[in-house]
């Protein structure tokens, strides 16, 4: 890609081809665009067919638009969650169902690859930056360090801590001191400007909701004193402190938010899982990550979290219990079914499964985690046999194969 961060689809496809030729196991992409492209898709299809795993960011527009390359079936789409396991408000959430074809050939197809498959941490993530272009923040009060995020300006300031309320006006008491300021009522910039105009040498803005405040002073920032955001949970300690220090320095790291942060996290988890199960393929790793993700949001798979938040240890344990090379062995579940709608719909019925959820395997690969209500339906191709298996959630207790 060029210095502005964009490139052609042919460049991306060429890079995937080079990865295939080099024998790479994982491709991770913190990038995306609006439309599908067959050149790209074919390149990723080839990489995964060769045993690799491809992951890409869902996108950061906070809507249900499907971005590419994440939206290709061969690519694992990754959403972002915060430290409290809430979905990030920017994380895109396309459906896993698409309509393809025209006229009488028009049909609806459901596939995990069309939507978010799993999510990972992507809010206020410590991220690499070009050397020296990031910022690192630190803050102490009465010698105790507290969590903080850089808001604006660089430098180090130490002095008496002075509580300035919401800093809606200048205050002579701030002269020569570190301003401790509550969030609210006016802009961050105006708060810090009032602190600096009062002679303040540094500023701490305390959040009014749980967590460390992440913000900036805006593109037209006219202040110069180092300013950090602090957590609501630390408000009492900061207001009651006699002395404080704030420091913002250049760094090779800084905090960023986005599905671009979540995707390499998921890719790293995949690599860790794979390192413990080197005989597996990318498809096996993908299956294990979905089968063991921590369910969040609506029960079962949903458009926001997919199957849930990535859990590397659980996925590794799953592969230990279910070694690569096929679905779990048959157990105590009874599975039956038939076809309807001219052979284009497979109707499954099962009994004997315990728990709220079951895992469904299609043609030997994990396909979906669904409610254990005893039935499911699949759109299938007419006159093309399909093999199904139903297993208890994250278990080796499964039905025999059913071919419809």
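Quick one: which residue in 372, 363 is surrounded by 14 or more Cβ atoms within 10 Å (Cβ to Cβ), free of Cβ contacts under 8 Å to residues at least 60 places away in the same chain, in contact with a strand residue (DSSP E or B) (Cβ under 9 Å, 6 or more places away or on another chain) and within 23 Å of residue 306 (Cβ to Cβ)? Among 372, 363, only 372 is surrounded by 14 or more Cβ atoms within 10 Å (Cβ to Cβ), free of Cβ contacts under 8 Å to residues at least 60 places away in the same chain, in contact with a strand residue (DSSP E or B) (Cβ under 9 Å, 6 or more places away or on another chain) and within 23 Å of residue 306 (Cβ to Cβ).
The number of residues in the range 154-173 being part of a strand (DSSP E or B), over 19 Å from residue 212 (Cα atoms) and touching a helix residue (DSSP H, G or I) at 6+ places or on another chain (Cβ under 6 Å) comes to 1.
For residue 314, state whether it is in contact (Cβ under 8 Å) with a residue 40 or more places away in the chain, surrounded by fewer than 22 Cβ atoms within 10 Å (Cβ to Cβ) and assigned to a helix (DSSP H, G or I). Yes. Every condition in (1) in a loop (DSSP other than H, G, I, E, B); (2) surrounded by fewer than 21 Cβ atoms within 10 Å (Cβ to Cβ); (3) modelled with pLDDT of 90 or more holds for residue 343 except the one numbered (3).
The rows are residues; the columns are (1) at pLDDT below 95; (2) outside the structural domain of residue 359 (by TED's automatic domain parsing); (3) buried (at least 24 other Cβ atoms within 10 Å of the Cβ); (4) assigned to a loop (DSSP other than H, G, I, E, B).
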position	(1), (2), (3), (4)
249	yes, yes, no, no
263	no, yes, yes, no
266	no, yes, yes, no
271	no, yes, no, no
274	no, yes, no, no
279	yes, yes, no, yes
283	yes, yes, no, no
287	yes, yes, yes, no
298	yes, yes, no, yes
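Could you grab me the full set of residues in the range 384-398 that are at pLDDT 90 or above and under 21 Å from residue 307 (Cβ atoms)? Of everything in the range 384-398, those that are at pLDDT 90 or above and under 21 Å from residue 307 (Cβ atoms) turn out to be 388, 389, 390.
Has the range 55-69 got any residue that is farther than 17 Å from residue 282 by Cβ, surrounded by fewer than 19 Cβ atoms within 10 Å (Cβ to Cβ), modelled with pLDDT under 90 and within 18 Å of the chain's Cα centre (by Cα)? No. Checking 11, 84 one by one, the residue that is closer than 30 Å to residue 255 by Cβ, assigned to a loop (DSSP other than H, G, I, E, B) and at pLDDT below 95 is 84 and no other.
Can you find a residue that is modelled with pLDDT of 95 or more and closer than 27 Å to residue 302 by Cα anywhere in the range 16-27? Yes, the range 16-27 contains at least one residue that is modelled with pLDDT of 95 or more and closer than 27 Å to residue 302 by Cα. Just one of the listed residues (133, 144) is within 30 Å of residue 55 (Cβ to Cβ) and in contact (Cβ under 8 Å) with a residue 40 or more places away in the chain, and it is 133.
Taking residue 176, is it touching a strand residue (DSSP E or B) at 6+ places or on another chain (Cβ under 9 Å), assigned by TED's automatic domain parsing to the domain that holds residue 225, farther than 18 Å from residue 215 by Cβ and not in a loop (DSSP other than H, G, I, E, B)? Spelling it out, it is not the case that residue 176 is touching a strand residue (DSSP E or B) at 6+ places or on another chain (Cβ under 9 Å), assigned by TED's automatic domain parsing to the domain that holds residue 225, farther than 18 Å from residue 215 by Cβ and not in a loop (DSSP other than H, G, I, E, B). Would you please name the residue that is surrounded by the fewest Cβ atoms within 10 Å (Cβ to Cβ), looking only at residues in the range 185-237 that are in a helix (DSSP H, G or I) and under 28 Å from the mean Cα position of the chain (by Cα)? Residue satisfying both the conditions and the ranking: 233.
The criterion of being outside any strand (DSSP E or B), on the phi < 0 side of the Ramachandran plot and in contact (Cβ under 8 Å) with a residue 12 or more places away in the chain holds for residue 396. Looking at the range 97-120, can you tell me whether even one residue there is loosely packed, with under 14 Cβ neighbours inside 10 Å, touching a helix residue (DSSP H, G or I) at 6+ places or on another chain (Cβ under 9 Å) and either assigned to a helix (DSSP H, G or I) or without any contact (Cβ under 8 Å) to a residue 24 or more places away in the chain (or both)? Yes: one or more hits.
Summed over the range 87-96, the residues that are over 14 Å from residue 307 (Cα atoms) and either in contact with a strand residue (DSSP E or B) (Cβ under 9 Å, 6 or more places away or on another chain) or surrounded by 13 or more Cβ atoms within 10 Å (Cβ to Cβ) (or both) give a count of 4.
Out of curiosity, is residue 281 farther than 30 Å from residue 129 by Cβ, over 21 Å from the mean Cα position of the chain (by Cα) and in contact (Cβ under 8 Å) with a residue 60 or more places away in the chain? Judged against the criteria, residue 281 is a match.
The values are calculated or read from the model by the stated rules, or taken from the named source; none is laboratory data. The model shown is predicted, which means the values in this text are computed figures rather than measured ones. Please note: Cβ atoms are built from the backbone with ideal geometry, for glycine as well, and neighbour counts cover all protein chains shown.
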